[in-house]
Amino acid sequence: MRLIKKVDFNSLLKNKNIFIPLIFIGILLGTTFYPIPQIILIELAYLYEPITTITSLSLMPTYFITNTLISIIALTSFYQTNNIHWLILATFTTLIFLYPILIYLFSGINIPLVSFFLGTLIYGVILLSISMLKIDFPKYISEK
């Protein structure tokens with residue numbers, strides 16, 4: 001009797017619900033050490049400046065609350081969709097709105113590039129966990 005069960009990675013990676021998030025996570029991890037795309041994503045916070053000027057609210061609470069709500073909606077749609085186009089759109093929307101929040105949360109770490117790396121890892125863990133729930137991961141584990 002084996003204590004460690006074998007996972008069928010071949011059929012697991014052919015599943016679009018795993019493959020698409022892995023592409024996004026791979027691109028983010030690949031660009032972590034030259035973080036131009038990550039900085040562009042963080043700079044999207046300035047799109048909220050007209051809203052904060054009109055409502056006389058400060059930028060960070062508005063940015064944090066809005067991005068959190070949109071991220072929750074995008075993660076919910078990521079979980080519920082089966083269409084590949086909507087899956088890519090939900091993954092990209094989650095990236096745009098959740099990733100800057102994660103970078104902001106880890107920005108207190110004073111080691112260079114660690115906030116980008118940790119943000120990417122947490123983003124990856126969240127997306128892959130939802131993907132594993134969605135595809136019923138135990139069916140890919142065999143007793144061989």
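The values are calculated or read from the model by the stated rules, or taken from the named source; none is laboratory data. As the structure is a computational prediction, the values presented were derived from the model and not from experiment. All Cβ positions, even for glycine, are placed from backbone atoms using ideal geometry, and neighbour counts span all protein chains on display.
Hey, among THR91, THR81, which residue is hydroxyl-bearing (Ser, Thr, Tyr) and either farther than 16 Å from LEU41 by Cα or touching a strand residue (DSSP E or B) at 6+ places or on another chain (Cβ under 7 Å) (or both)?
On the way: THR91 fails: either farther than 16 Å from LEU41 by Cα or touching a strand residue (DSSP E or B) at 6+ places or on another chain (Cβ under 7 Å) (or both).
Just one listed residue meets the conditions, THR81.
Take residues that are farther than 18 Å from ILE101 by Cα and at pLDDT 75 or above and tell me which of the helices (runs of 4 or more DSSP H) falling wholly in segment 1-71 contain 2 or more.
On the way: elements: 9-13, 16-30, 36-43, 49-55.
Correct list: 16-30.
May I ask you to list pairs of residues, at least six apart or on different chains, whose Cβ atoms are under 6 Å apart, with the first in segment 49-73 being of a type in the set (A, V, I, L, M) and the second being at pLDDT 75 or above and part of a helix (DSSP H, G or I)?
Pairs that qualify, where the first residue is of a type in the set (A, V, I, L, M) and the partner is at pLDDT 75 or above and part of a helix (DSSP H, G or I), are ILE70/PHE97.
Among residues belonging to segment 92-132 that are surrounded by 20 or more Cβ atoms within 10 Å (Cβ to Cβ) and hydroxyl-bearing (Ser, Thr, Tyr), point out the one that is farthest from the chain's Cα centre (by Cα).
Of everything passing the filter in segment 92-132, SER115 is farthest from the chain's Cα centre (by Cα).
Being under 18 Å from TYR34 (Cα atoms) and among the small types (Gly, Ala, Ser) is the filter here, so list the residues in segment 101-123 that pass it.
Answer for segment 101-123, where residues must be under 18 Å from TYR34 (Cα atoms) and among the small types (Gly, Ala, Ser): SER107, SER115, GLY119.
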